[in-house]
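Read the structure below first, then the notes.
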Amino acid sequence: MLTLTENATLVIKSITGVEGAPEGAGVRISQENPADPALAVTTTEAPRPGDQVVEEAGARVFLEQNAANALDDKILDAAVDDKGGVEFLLVPQPGAGQQNGAAPTS
């Protein structure tokens, strides 16, 4: 399941916790076509039916089914640039892609 870094948690809470935002708002990640790696990130009031919900320290991420499958072994990180723009980054979870507990070779 997708996990969030502390930075991602703080950024998501800051963009979904603005004054007037509904309780339970979050960031929704969707993928229109499983064959296309492009992901869309939007803020939303609530998950849609079928969305997987990831919640960590008050930050809520709603994953559309295709996105949930694509991000199952990823970590979501985030940063804010000098102009206040948010950038999300996905990295593999430690040990992701290793079968049967195989250790990495060096």
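The values are calculated or read from the model by the stated rules, or taken from the named source; none is laboratory data. Source: prediction; values computed, not measured. Note: ideal-geometry Cβ built from the backbone for every residue, glycine included; neighbour counts use all protein chains shown. Quick note on the areas: whole protein, heavy atoms, side chains included, nothing else; ligands and nucleic acids left out. Shrake-Rupley method; radii C 1.70, N 1.55, O 1.52, S 1.80 Å.
Could you list, in sequence order, the residues of segment 34-68 that are farther than 20 Å from L89 by Cα, open to solvent by 40 Å² or more (accessible area, probe 1.4 Å) and not aliphatic (A, V, I, L, M)? Listed by number, the residues that qualify are E45, P47, R48, P49, G50.
The single condition from (1) open to solvent by 40 Å² or more (accessible area, probe 1.4 Å); (2) free of Cβ contacts under 8 Å to residues at least 24 places away in the same chain that P22 fails is (2). Annotation: of all residues in segment 69-85 being of a type in the set (D, E) and over 26 Å from G95 (Cβ atoms), the one that is surrounded by the fewest Cβ atoms within 10 Å (Cβ to Cβ) is D82.
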